[in-house]
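Student: Below is a structure I'd like to ask you about.
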Amino acid sequence: MPPLLLPLAPEQTYARDLDGLYAPWQGAALSAPQVLRLNRPLAAELGLDADAVAALDSAAGALLLTGAMAPEQGTPLAMAYAGHQFGGFSPLLGDGRAMLLGEVVDTAGRRRDVHLKGSGRTPFSRGGDGKAALGPVLREYLMGEAMHALGIPTTRALAAVTTGESVQRDEPEVGAVLARVAASHLRVGTLQLFASRGQTEDVRRVADFAIARHDPDLLDLPAETGERYVALLTRVRDRQAALVASWMAVGFVHGVLNTDNVTLSGETIDYGPCAFVDAYDPAAVFSSIDTGGRYAFGQQPGITQWNLARLAESMLPLLVPAAQREDQDAQVAAAVGVLDGFPAVYAREWTARMRAKLGLSPELDEDERDQALATELHELMQAQGLDLTRTNRSLSAVVRGDSELLRAECTDLAAVDTWLDAYATRSARETRPPEERAAAMDAVNPVYVPRNRLVDEAIIEARGGDMQAFDRLLDVLEDPFTERPGLEAYAQPAPDSFGPFVTYCGT
Ligand code: AMP
Ligand code: MG
């Protein structure tokens, strides 16, 4: 028997348990799609051996990975969800250009979704064409793999497949499909759909599904008292707080933090108009559609808390004992009890990351003192237009006794020297040998991040049929912490001549 192209799990849980939240679906027919890139390490994680990978990397594999051919088993479907987009509520969004091919249980026993983006129109497409262009597909591929290598929870690209069709955007573009893998595609918006219709028992069904998938230990908590759902909300809060703290630490701007793009799993999802900052700037906005700066770099922790409030709102009747189901004050008190904890959890997560970046042992100083040192460093970066990634990386040199790398970037030497003095005073209390401390810092301060100019170059060349720049960049980003000779250009911010960078949703 030939190997299955994709070993889907015998039980497809989303299809089995969440009726009302999907339409069974197959992608649009295609005559000759081609697998452009296949993520072999990820395929191996999913349990595909060399033969299975070879089978997937074929004409039949391309048909499967675009949704044009149904999988041998399973129930492919388009998911329904709702969501707040730029603050306004849409009661029905859903996979307008995507579908869930199926769930796979990976080699570590984790159930993961394989989802296709660009697979054609669905019942949720509204005015859209259901397609994706090669540029955004490759952008999502690069960004997701870069985030993964940086240790940040994320969906990942399994494959980029060209459809052989052209897709009309501002101009005709090469059509493509991204096959991506996620811990799940449950979003804040998934719960919002039933909640906005007042279907409390259906909201409970989704919440229990999410718990079974991501937090099975919580199934031991009673549902009737509300404890189980308060605990779920708390888990999602904590995962999102940790996620946004890691974005802030590396300078990632998601760009479109609508509630349909916020996962319950805590993975980064839906890389659209996202970008990394070069210079540290809380006001940085790259998305052409975010004209009000709602999703600016520095807004992300606050908007995440806002999105969590929308999640809490959609779960309100579940958060209290059955006897209080009609008691709005009790519901709100339960929600607020969780939401009010967000700033403290975020501060804890952020401080932990900043300490690691600065090489500060947590037990040696008060949180506020170390937070102040990190904040002052950011103020310095902002005031002098310093590059976030390079500045952080230069700190290990400071610890090794060389401050010149950092000072050379600065225009106001007095300001940087004041900060360096404070850093030296704090560093003097560290007991680790400097080299050990510096090496630990180099393991968390990347040299290479997916800078806009590099991602753009890779995409422009790929559109012209040349994948070399993409492959090279992917290779660099897969090992972001090891400085390698010859790769200096990958560690540089864009020259001023690159101009202000703008990303487009690319839909
Ligand atoms: P996103 O910006 O990817 O989070 O998408 C927001 C919503 O718009 C989702 O419901 C998408 O499925 C839908 N959408 C985006 N682009 C298209 C398209 N080309 N065709 C149909 N629906 C789309
Ligand atoms: Mg989305």
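The values are calculated or read from the model by the stated rules, or taken from the named source; none is laboratory data. Note that this is a predicted model, so its numbers are computed, not measured. Glycine gets a Cβ as well: all are built from the backbone with ideal geometry, and neighbour counts include every protein chain shown. In case anyone asks, the SASA skips ligands and DNA or RNA and just uses the protein heavy atoms, side chains included. Shrake-Rupley method; radii C 1.70, N 1.55, O 1.52, S 1.80 Å.
Student: Counting just the residues of the range 368-400 that are of a type in the set (D, E, K, R) and assigned to a helix (DSSP H, G or I), which one comes out farthest from the chain's Cα centre (by Cα)? Talk me through it step by step, then tell me what you get.
Tutor: The first filter runs over the range 368-400 and keeps only residues of a type in the set (D, E, K, R), leaving 368-370, 376, 379, 387, 390, 393, 400.
Filter once more, keeping what is assigned to a helix (DSSP H, G or I): 368-370, 376, 379, 390, 393.
Numbers: Glu368: 29, Arg369: 30, Asp370: 27, Glu376: 27, Glu379: 26, Arg390: 22, Arg393: 23 Å.
So, considering only residues that are of a type in the set (D, E, K, R) and assigned to a helix (DSSP H, G or I), the one farthest from the chain's Cα centre (by Cα) is Arg369.
Student: OK, next. Which of the numbered conditions does Pro282 fail, given that it passes all the others? Conditions: (1) in contact (Cβ under 8 Å) with a residue 40 or more places away in the chain; (2) outside any loop (DSSP other than H, G, I, E, B).
Tutor: Going through (1) in contact (Cβ under 8 Å) with a residue 40 or more places away in the chain; (2) outside any loop (DSSP other than H, G, I, E, B) one by one, Pro282 breaks only (2).
Student: Could you tell me whether the range 224-235 includes any residue that is open to solvent by 10 Å² or more (accessible area, probe 1.4 Å), β-branched (Val, Ile, Thr) and at pLDDT below 95? Lay out the reasoning, then the answer.
Tutor: Applying the first criterion (open to solvent by 10 Å² or more (accessible area, probe 1.4 Å)) to the range 224-235 yields 224-225, 227-228, 230-231, 234-235.
Remaining after also requiring β-branched (Val, Ile, Thr): 225, 230, 234.
From the residues that got through so far, the ones that are at pLDDT below 95 too are none.
No, the conditions are met nowhere in the range 224-235.
Student: Working only within the range 473-507, note down all residues that are surrounded by fewer than 15 Cβ atoms within 10 Å (Cβ to Cβ), modelled with pLDDT under 95 and either in a helix (DSSP H, G or I) or in contact with a helix residue (DSSP H, G or I) (Cβ under 7 Å, 6 or more places away or on another chain) (or both).
Tutor: If the condition is that a residue be surrounded by fewer than 15 Cβ atoms within 10 Å (Cβ to Cβ), modelled with pLDDT under 95 and either in a helix (DSSP H, G or I) or in contact with a helix residue (DSSP H, G or I) (Cβ under 7 Å, 6 or more places away or on another chain) (or both), then Asp496, Ser497, Phe498 are the ones that fit.
Student: Does Asp365 count as at pLDDT below 95 and under 20 Å from Ala438 (Cβ atoms)? Quick ask: steps written out before the conclusion?
Tutor: Values: at pLDDT below 95: yes; under 20 Å from Ala438 (Cβ atoms): yes.
Answer is yes for this residue.
Student: Provide a single number: the residues in the range 387-418 that are out of contact with any strand residue (DSSP E or B) (no Cβ under 8 Å at 6 or more places or on another chain) and crowded, with 17+ Cβ neighbours inside 10 Å.
Tutor: Number satisfying all stated conditions: 13.
Student: If you go through the range 425-471 one residue at a time, how many are of a type in the set (A, V, I, L, M) and under 20 Å from Leu388 (Cα atoms)? Step through it out loud before you land on a result.
Tutor: Of the residues in the range 425-471, the ones of a type in the set (A, V, I, L, M) are 428, 438-441, 443-444, 447, 449, 454-455, 458-460, 462, 467, 469.
Now restrict to residues that are under 20 Å from Leu388 (Cα atoms): 438-441, 443-444, 447, 449, 454-455.
Within the range 425-471, residues that are of a type in the set (A, V, I, L, M) and under 20 Å from Leu388 (Cα atoms) number 10.
Student: Something else about it: If the requirement is being touching a Pro at 6+ places or on another chain (Cβ under 9 Å) and closer than 22 Å to Thr503 by Cβ, which of these qualifies: Val449, Val455? Steps first, please.
Tutor: Details: Val455 fails: touching a Pro at 6+ places or on another chain (Cβ under 9 Å).
Val449 is the lone residue from the list that is touching a Pro at 6+ places or on another chain (Cβ under 9 Å) and closer than 22 Å to Thr503 by Cβ.
Student: Another one. Within the range 366-386, work out how many residues are closer than 16 Å to Pro493 by Cβ and open to solvent by less than 10 Å² (accessible area, probe 1.4 Å).
Tutor: Residues meeting the conditions: 2.
Student: Need a quick list: helices (runs of 4 or more DSSP H) entirely within the range 1-77 having at least 1 residues that are among the charged types (D, E, K, R), open to solvent by 60 Å² or more (accessible area, probe 1.4 Å) and closer than 25 Å to Ala207 by Cβ.
Tutor: Details: elements: 13-17, 40-45, 50-56, 59-65.
Here the list reads 13-17.
Student: Right, another one. Mind counting the residues in the range 237-277 that are within 16 Å of ligand 1 (Cβ to nearest atom) and assigned to a helix (DSSP H, G or I)?
Tutor: Going through the range 237-277 one residue at a time, the tally reaches 3.
Student: For the range 93-117, give me the residue count where each residue is of a type in the set (Lys, Arg), open to solvent by less than 50 Å² (accessible area, probe 1.4 Å) and away from ligand 2 (no atom under 16 Å from the Cβ). Spell out the reasoning first.
Tutor: Our first condition is that a residue be of a type in the set (Lys, Arg); within the range 93-117, this holds for 97, 110-112, 117.
Applying the additional criterion that residues be open to solvent by less than 50 Å² (accessible area, probe 1.4 Å) yields 112, 117.
Subset that is away from ligand 2 (no atom under 16 Å from the Cβ): 112.
Total meeting the criteria: 1.
Student: Among the candidates Ser403, Ser497, single out the residue that is of a type in the set (Ser, Thr, Tyr), more than 25 Å from the chain's Cα centre (by Cα), more than 16 Å from ligand 1 (Cβ to nearest atom) and under 30 Å from Val174 (Cα atoms).
Tutor: Details: Ser403 fails: under 30 Å from Val174 (Cα atoms).
From the options Ser403, Ser497, the qualifying one is Ser497.
Student: Now for a different question. Go through the range 127-162 and count every residue that is open to solvent by less than 10 Å² (accessible area, probe 1.4 Å), in contact with a Pro (Cβ under 7 Å, 6 or more places away or on another chain) and more than 16 Å from ligand 2 (Cβ to nearest atom).
Tutor: 3
Student: Can you go through Thr425, Thr503 and tell me which one is in contact with a Gly (Cβ under 7 Å, 6 or more places away or on another chain) and of a type in the set (S, T, N, Q)? Give the derivation first.
Tutor: Numbers: Thr425 fails: in contact with a Gly (Cβ under 7 Å, 6 or more places away or on another chain).
The match here is Thr503.
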